[in-house]
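Step one of this worksheet: look at the structure below.
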Amino acid sequence: MKRSKTKKIINVKLVSGGIDSYILSQEVEGINLFVDFGQKYASEELNALKKLGVDFEVVTLPPIPPTDDIFIPSRNLMLATIAVIYYNADNVFLACLKDGDPTMLDSKKEGFEEMSRILSNFSNREIKVSSPYIDLTKVELVGKFGKKEKLKDTFSCFFPVDGKPCGDCKGCLIRNIALEKNGVKSNVKLSERMTKEFNEKIDNYK
């Protein structure tokens, strides 16, 4: 009797140049995938991944129509679907956190369960979408990571100026808080407006 061949499990991790996905790229085995869908900070994120030494692949899509909202509805569902279509992924990993945007279902546990169900049904096989960090805040995630100084090379800015972080958006603010709460001096200078918000939030930020 011939032995049935065991199918190799394919893990795909969605990465950007930010703290969360960089840590994901280091802690979970599998393919690191960057999806370029025309986001205004794509080139800066790609440069950050290269600087961080991450081995990754790129899928380029037609640009999504411009929006003033930095949070794109169904973005994570789109990314997970790309991982399944292009790589036949069995497991799709996203670096979503407990303190993410509460209005985005596809960044929550129940959202991952629903995406897993949809992709499994339409692919006629079991597919799991998850985040290993969904029970952690960004501060807690950085605190658990061993090579904290390496995180200075990450990039988390929604409105970069001349290839550099603007220092005046939520991405820059939360990154600074996560690093400095863990004793890592951020290399991103916040604007006066964001510095005021930083000083108000750093001591009570969860």
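The values are calculated or read from the model by the stated rules, or taken from the named source; none is laboratory data. Given the structure is predicted, the values throughout are model-derived calculations rather than measurements. In this analysis, Cβ positions are derived from the backbone assuming ideal geometry, glycine residues included, and neighbour counts consider all displayed protein chains. Side chains are part of the model used for accessible areas, which takes the heavy atoms of the whole protein and leaves out ligands, DNA and RNA. Shrake-Rupley method; radii C 1.70, N 1.55, O 1.52, S 1.80 Å.
Here are a few things to note about the model shown:
- The set of residues in the stretch 139-172 being assigned to a loop (DSSP other than H, G, I, E, B), open to solvent by less than 40 Å² (accessible area, probe 1.4 Å) and under 16 Å from Leu52 (Cβ atoms) consists of Phe145, Thr154, Phe155, Ser156, Cys157.
- A single member of Ile19, Ile23, Ile70 is surrounded by 14 or more Cβ atoms within 10 Å (Cβ to Cβ), at pLDDT below 90 and closer than 28 Å to Asn187 by Cβ, and it is Ile70.
- Options Leu136, Leu33, Leu46: the member that is open to solvent by less than 70 Å² (accessible area, probe 1.4 Å) and either assigned to a helix (DSSP H, G or I) or basic (Lys, Arg) (or both): Leu46
- Residue-level check: of (1) without any contact (Cβ under 8 Å) to a residue 40 or more places away in the chain; (2) open to solvent by 20 Å² or more (accessible area, probe 1.4 Å), Leu119 misses just (2).
- Inter-residue pairs, beta-carbon under 9 Å, first at positive phi and in the stretch 21-50, second open to solvent by less than 30 Å² (accessible area, probe 1.4 Å) and not in a helix (DSSP H, G or I), 6+ apart: Gly30/Val12; Gly30/Lys13; Gly30/Ala89
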